[in-house]
Amino acid sequence: MRGLAVLLGAASAGIAAGLPLPGPKRLSSPHLRPALLALAAAAGAGAALVAVALGGNPAAVAAFGAMGAGAPALAAGARARREAERAAARWPDFLAALRGRLSAGEALPDATAAAAAAAGEHLAGLARHLEAGRAAGRPFATTLAAVRAEWADPLADRVLTTLAAAAGIGGERVGLVLSGLAGSVADELRLRRAHQAALTEQRLTAGVALGAPWALLLLTTATNPQAAAAYAARTGTVVVLAGLAATTAGFWLSRRAARLSDMPRVFT
């Protein structure tokens with residue numbers, strides 16, 4: 001029976017590893033993506049079957065299944081944060097390229113489209129919007145406003161609103177405005193990276209604090225029949241469920257304390 005549970009758990013883990021994580025956009029939507037639900041079901045079943053194979057009592061099996069089901073959402077959230085950080089890191093390069101093109105005499109709309117096209121996949125979307133807007137005869141500022149509304153990103157709000165204002169100002173002041181914006185964006189991203197690096201140890205500690213008690217519980221129940229019988233009793237079940245609530249709350253509080261607040265949207 002345990003061997004079958006191990007095989008089923010390995011199969012579920014393989015299915016979960018083979019399914020792609022959903023994209024980073026709208027992970028908090030009330031309509032969860034089917035891919036994320038499938039990942040959660042496979043990961044939860046795999047974790048529960050592994051707990052069965054190691055002799056876990058029903059409460060421990062349920063706890064492991066719940067934690068396994070939550071793992072894909074945590075992984076998808078981490079992926080979303082990494083992609084957002086990579087996209088944000090491209091803005092200083094974009095602004096530097098834009099200033100160089102403006103210094104070479106290009107018009108602001110043309111320089112913006114060219115700099116965005118060369119600044120990575122995310123900002124290439126800005127170049128496509130600008131080309132489409134030019135073909136449709138829309139003003140530069142109108143296209144930038146549409147992109148801001150679509151991306152709903154605080155950093156994009158600041159940059160694109162400043163570009164729209166610079167297009168209205170014109171003249172030599174455009175370079176000064178973009179220079180100040182580039183310095184402000186670079187400083188903020190540098191500060192956020194330093195803060196994220198300083199909190200890495202706290203996040204790792206939260207993960208260890210979540211997993212270590214449950215690994216110890218499985219080891220104990222798998223090697224000590226008396227402990228397994230004690231945890232299978234009603235009192236043991238209550239202890240396991242209380243432990244699940246405590247470790248989950250502690251993990252959530254630790255990660256929330258280590259989370260850097262999102263930049264607010266100023267221009268919407």
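Points worth noting:
- For Thr205, the conditions (1) surrounded by 13 or more Cβ atoms within 10 Å (Cβ to Cβ); (2) touching a helix residue (DSSP H, G or I) at 6+ places or on another chain (Cβ under 9 Å) are fulfilled apart from (1).
- Check on Gly70, assigned to a helix (DSSP H, G or I) and within 19 Å of Ala212 (Cα to Cα): yes
- The condition (being part of a helix (DSSP H, G or I), without any contact (Cβ under 8 Å) to a residue 12 or more places away in the chain, in contact with a helix residue (DSSP H, G or I) (Cβ under 6 Å, 6 or more places away or on another chain) and not aromatic (Phe, Trp, Tyr)) is satisfied by just one residue among Ala59, Ala124, Ala111, Ala116: Ala124.
- Residue within segment 98-105 that is more than 19 Å from Leu176 (Cβ to Cβ), in contact with a Gly (Cβ under 7 Å, 6 or more places away or on another chain) and surrounded by 16 or more Cβ atoms within 10 Å (Cβ to Cβ) present: no
- Within the set Ala194, Ala230, Ala249, the sole residue that is free of Cβ contacts under 8 Å to residues at least 24 places away in the same chain, part of a helix (DSSP H, G or I) and touching a Gly at 6+ places or on another chain (Cβ under 6 Å) turns out to be Ala230.
- Within segment 66-76, being without any contact (Cβ under 8 Å) to a residue 60 or more places away in the chain and surrounded by 15 or more Cβ atoms within 10 Å (Cβ to Cβ) holds for Gly68, Ala69, Gly70, Ala71, Pro72, Ala73, Ala75, Ala76.
- Restricting Ala35, Ala87, Ala80 to residues that are touching a His at 6+ places or on another chain (Cβ under 7 Å), closer than 30 Å to Asp157 by Cβ, at pLDDT below 85 and not in a loop (DSSP other than H, G, I, E, B) narrows the list to Ala87.
- Selection within segment 107-157 - farther than 17 Å from Asp93 by Cβ and of a type in the set (Asp, Glu): Asp110, Glu131, Glu150, Asp157
The values are calculated or read from the model by the stated rules, or taken from the named source; none is laboratory data. Keep in mind it's a predicted model, so treat the numbers as computed, not measured. So basically every Cβ, Gly included, is an ideal-geometry build from the backbone, and we count neighbours across all protein chains shown.
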